Structure formats: C-alpha cells, structure tokens
1. Take the conditions assigned to a loop (DSSP other than H, G, I, E, B), more than 19 Å from the chain's Cα centre (by Cα) and on the phi > 0 side of the Ramachandran plot and apply them to residue 143. Does it pass?
2. Go through the stretch 268-283 residue by residue and tally those that are assigned to a helix (DSSP H, G or I), open to solvent by less than 30 Å² (accessible area, probe 1.4 Å) and not polar (S, T, N, Q).
3. What tally of residues in the stretch 146-165 results from selecting those that are over 12 Å from residue 99 (Cβ atoms), small (Gly, Ala, Ser) and under 17 Å from the mean Cα position of the chain (by Cα)?
4. So, residue 382, is that one more than 21 Å from the chain's Cα centre (by Cα), touching a residue at least 40 places away in the same chain (Cβ under 8 Å) and open to solvent by 30 Å² or more (accessible area, probe 1.4 Å) or not?
5. Being open to solvent by less than 30 Å² (accessible area, probe 1.4 Å), at pLDDT below 95 and not in a loop (DSSP other than H, G, I, E, B) is the filter here; which residues of the stretch 128-140 pass it?
6. Among the listed residues 113, 152, identify the single one that is touching a residue at least 12 places away in the same chain (Cβ under 8 Å) and closer than 25 Å to residue 82 by Cα.
7. Pairs please, first residue from the stretch 327-349 and open to solvent by 20 Å² or more (accessible area, probe 1.4 Å), second anywhere and outside any helix (DSSP H, G or I) and among the aliphatic types (A, V, I, L, M), Cβ atoms under 7 Å, 6+ apart in sequence or on different chains.
Amino acid sequence: MTGTDFFPSFLLSIIAACFLAAGQPVSAQDSGSDAVTPYILPESGPFKPEALSQAATTAINAWLRGGHSDATSEAFTHWNDAGEVPPVCSVCHSGAGFRSFHGLDGSAPGLPESPLPAGGVVDCETCHNDGLSSLTEITLPSGVVHPVVGVEAACMTCHQGRAAGTTVEAAIADRQVDTPDPALAFVNPHYATAAASWLGGYGGAGYQYPGKTYSGRFFHARPVATCVSCHNPHSLEVQTETCSTCHDSATPDAIRIRKQSYDGTGNTSQGIRTDIANNTAKLMEMLVAYSAEVAGTRLVHEPHYPYFFTDANADGLADTVDGKSIGYKAWTPRSLRAAYNWMLVSADPGIFAHNPQYAFELLYDSTEDLAGPLKVDMATLKILR
C-alpha cells in the first residue's frame, strides 16, 4: 500500500497546491538562483498538476512517505473517538493547532482557545507558512529561550518534549529523598525529543544532578548544524550520504565516536548507539532493584500510559486488578528523577547521533545516584560518563 492510498484525490490536490508558488519558483534550488525564494501559498483556484515542478512533485511524494503525513498513526488518531484534539496537544498533532499557537493564522499567539477537530496532520503549511520566518525564538520547557531561523521554529516547537529537569525538581522539592510518597507521579518528558537531546545541558531537558557538569548543544561537524542537515525535510529519512562524508560505517547505527568503551563490555567495534542502549538497560536494572530494596515496592516499565506499574510478584509484568494494570505509586525523589532521565534518553531513538555525550552523562549520574543506597560500587559496573 502506498502513501497515496490514504488520501482522496481532492486532499492531494490541496497538498500539492501548498507547493505551488503563485508563479514563482518553488525554491532557490529549483530556479537555479542563489537567492532564497520563500514558499508562498497560492490563491484559491483550479489545481493544475501539470503546473507542478519536478522539485514540488518529489517533495510531495517524500512527505507522503513520512510520519508527518501518516493520518493512520497514533499521533493523529489518538483523539478520534473524542472527535477533537485538546488545545495543548493540537500544537504538535495538528497543523491548524501549530499555526494557532504561533499566531500564523491571524489569531493571538498562544494555545488555541478551543479544541480542534481530530484528523489533522503536520501539513504543508505547518512548515511552509510564509509567516514562519517571523519566529525568531522558541521557549523550552526548562524556560530557556532558544533562537531559531526559518523552519527550525517548527522542529523546535514539537520536538522539545513537554517537561524538563526543572519540572522534576519542582515535583520532588522538600521531600525525603528515599521515602515513598503516593502524591508523587511519574514526570513524562513525552516523545520524539530530538531537539531537547540536541541542545543538551544548555536546554536543560534532563534532570541534571547538582554538582555535575553537562555537555551543551551537540555541535556536529559543519555543515551539520540543523535538523535538515541530516533529515530529509519531507520524508524525515536520515540522509546517510551526509554521514559518509566523515564516517565509513555502513549505517548510522554502526558509527562510533570514541575509542573507549562506555558500557563496560570493552567492545569498541560496536556503534556508540549500542553503548547507550546497554547503559540504558543497566539503569533500568538499578531502578528495579532500588524500587524493590529501598522503596519497598517493585516497579516495571511497560510501553503504555502511565508507563510504570507495580510488579509486587516480580514476574516482570504489571500487577492487575479487575483486568486493569496497577500504576506505580511508590515513587521517591531519587527513583523519580532516575526514571525521568531513563525515559528521556529512551524517548529519542536517535540520541546517539543528536547528543551521545549528554545521554552518557544522564545515564551515568542516574545510575550512580541509585548505586548509593543500594551499596553498589560503581567501579564494578565499568561504565563511563
């Protein structure tokens, strides 16, 4: 089944119209000029497929292959039963919500005043709205105000997560570090947090332990300086030819950026992604041990809300009552901040490329924090920060 099977012809016409530039070239590359030509939405009128340039046709086909257009995915169908998307969710799960949030539809900037109809996707005008160039900064959940240029505003708005280390700090403030508190609830950083990972300690997405230093924004080798340096802006696929400029690995997953082993295995032939995955698994092992031995109630993670559940019988599955999983209610400040960092690293499958050093720092510090009350000698784990 192809991407076009999901869309009626009239919708494809609207999509395609987004790439018509009212008699102007679609882009500087398409026109052969060195000048940057903005994308301009055409006035209403009959759609003529023959008027599409090859560049526009290629872009549309790429968009139809990407996740931003997948109207059948959970990201866009989650609210189908309700028929409407809450304002706070619509900012990233609806093109109309995004435009409303930034005032690109003529409204005052801020959350939409009302829920939006379900069924929208990240459409053409999300990134090609000619008002996007007016956005010069994005405020992150940590409170950091980050400067943006052009389409970066769209990427940074929706891939920054919905929580930060400061969110965790506020939740655990003035509580005994190893005392379970039923009033504590898991703080979820949300999903696809690539921009948050990329900005590292500067963006403050992770819970950053007092007295520790953290790597900032991951400045890759030039010209790899923005999201679209590595990702096709329409299909979202990684443009591996960019990687091969410097790396001779067959795939990005196999790229290694350090000589030393970070996961204690001593294996320096595996991709750095594997080191991160192994240290992430080690942190979860420590978190489970801490929950059982210190908090007194064993937890288990499952990939559905609210993500952490009670596992009193230690069978590795959530305990249930009347067929419903029992959410975890024995959080301590120490376990909550470690679980948050575990989820933040796990929520960005590309963190090995976006900011590997920040991932190692968060994983190490969280593991070290749990090791204290468990009386585990960090040296025996052989992991590195």
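1. Details: assigned to a loop (DSSP other than H, G, I, E, B): yes; more than 19 Å from the chain's Cα centre (by Cα): no; on the phi > 0 side of the Ramachandran plot: yes.
No.
2. Of the residues in the stretch 268-283, the ones assigned to a helix (DSSP H, G or I) are 272-283.
From the residues that got through so far, the ones that are open to solvent by less than 30 Å² (accessible area, probe 1.4 Å) too are 272, 275-276, 279-280, 283.
This time we only want the ones that are not polar (S, T, N, Q), so: 272, 275-276, 283.
Count: 4.
3. Our first condition is that a residue be over 12 Å from residue 99 (Cβ atoms); within the stretch 146-165, this holds for 146-152, 155-156, 158-165.
If we keep only those that are small (Gly, Ala, Ser) too, we end up with 150, 161, 163-165.
After this cut, where a residue has to be under 17 Å from the mean Cα position of the chain (by Cα) as well, the list is 161, 163-165.
Of the residues in that region, 4 qualify.
4. Answer is yes for this residue.
5. Answer for the stretch 128-140, where residues must be open to solvent by less than 30 Å² (accessible area, probe 1.4 Å), at pLDDT below 95 and not in a loop (DSSP other than H, G, I, E, B): 128, 132.
6. Result: 113 is the single residue among 113, 152 that is touching a residue at least 12 places away in the same chain (Cβ under 8 Å) and closer than 25 Å to residue 82 by Cα.
7. Cβ pairs passing all conditions: 334/177.
This table checks each residue for (1) open to solvent by 60 Å² or more (accessible area, probe 1.4 Å); (2) assigned to a helix (DSSP H, G or I); (3) farther than 15 Å from residue 356 by Cβ.
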site	(1), (2), (3)
210	yes, no, yes
216	no, no, no
221	no, no, no
235	no, no, yes
241	yes, yes, yes
247	no, no, no
266	no, no, yes
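The values are calculated or read from the model by the stated rules, or taken from the named source; none is laboratory data. A quick note: this is a predicted structure, and the numbers were derived from the prediction, not measured. Glycine also receives a Cβ, built like all others from the backbone with ideal geometry; neighbour counts cover every protein chain displayed. All accessible areas refer to the heavy atoms of the entire protein, side chains included, with ligands and DNA or RNA removed. Shrake-Rupley method; radii C 1.70, N 1.55, O 1.52, S 1.80 Å.
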